[in-house]
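Notes to accompany the following structure.
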Amino acid sequence: MGLIPFEQIVAEHGPTVLRVCRAVVGPIDAEDAWSDTFLAAMRAYPDLRPGSNVEAWLVTIAHRKAIDHIRARERRAVPTNHVPEQTTDRGLPGSGDPELWEAVGALPMKQRAAVAYRYLAGLPYADIAVILGNSPDAARRAAADGIAALRRSRSISIRGDRVSGERG
């Protein structure tokens, strides 16, 4: 016995799937989650084992797609009438001390990247290591060597997560 035509599956189980989607994501996103459910189900349907509980299979897919919609909703930008002003240009090339940017630009690539990721972006060494393709200890060492080179090249002050030039 072959598979039931997919159109019949949609007709029989569509209302149940829509109820699940409404229950999880609410009425606004329910139809989108419903559509995503049946698109995913249509792709996977040829591989469904004969005798499987189709409704349970669809409800499982619907639940997962609904959760995906909730996660996507949380990542959406919230519209606002007020656009915040740019409060700082710190970290933007050309801002601040041009001599400092020149000194940073003269660092070897790994040191320059480690200094930028650590002191301008505030990333932890574990994340820097992943970006640079080395260990957290190597990332820490590259940042320390970069800061040491900056200090040797001129009077540089390192405060917490900030790098700034000092005039003497």
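The values are calculated or read from the model by the stated rules, or taken from the named source; none is laboratory data. On a predicted model such as this, the values are computed, not experimentally measured, just so you know. A quick note on method: Cβ atoms are made from the backbone with ideal geometry, for glycine too, and the neighbour counts reach across all protein chains shown.
Within the range 43-50, does at least one residue satisfy the condition of being hydrophobic (A, V, I, L, M, F, W, C) and part of a helix (DSSP H, G or I)? Yes - at least one qualifying residue is present in the range 43-50.
Residue-wise test of (1) under 28 Å from residue 21 (Cα atoms); (2) surrounded by 12 or more Cβ atoms within 10 Å (Cβ to Cβ); (3) at pLDDT below 75.
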site: 53; (1), (2), (3): yes, no, no
site: 60; (1), (2), (3): yes, yes, no
site: 87; (1), (2), (3): no, no, yes
site: 92; (1), (2), (3): no, no, yes
site: 95; (1), (2), (3): no, no, yes
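Determine whether the range 101-120 contains at least one residue that is at pLDDT below 85, among the charged types (D, E, K, R), in the same structural domain as residue 142 (by TED's automatic domain parsing) and surrounded by fewer than 14 Cβ atoms within 10 Å (Cβ to Cβ). Yes, that holds for at least one residue. Across the range 1-55, the qualifying residues are those that are aliphatic (A, V, I, L, M) and more than 33 Å from the chain's Cα centre (by Cα), and the one among them that is nearest to residue 73 (Cα to Cα) is 10.
Among the candidates 7, 31, single out the residue that is in a helix (DSSP H, G or I), modelled with pLDDT of 85 or more, in contact with a helix residue (DSSP H, G or I) (Cβ under 9 Å, 6 or more places away or on another chain) and among the charged types (D, E, K, R). Lay out the reasoning, then the answer.
Details: 7 fails: in contact with a helix residue (DSSP H, G or I) (Cβ under 9 Å, 6 or more places away or on another chain).
The match here is 31.
Looking only at the range 128-164, residues that are closer than 16 Å to residue 100 by Cα, crowded, with 17+ Cβ neighbours inside 10 Å and either in contact with a His (Cβ under 9 Å, 6 or more places away or on another chain) or modelled with pLDDT of 70 or more (or both) come to 5 in all.
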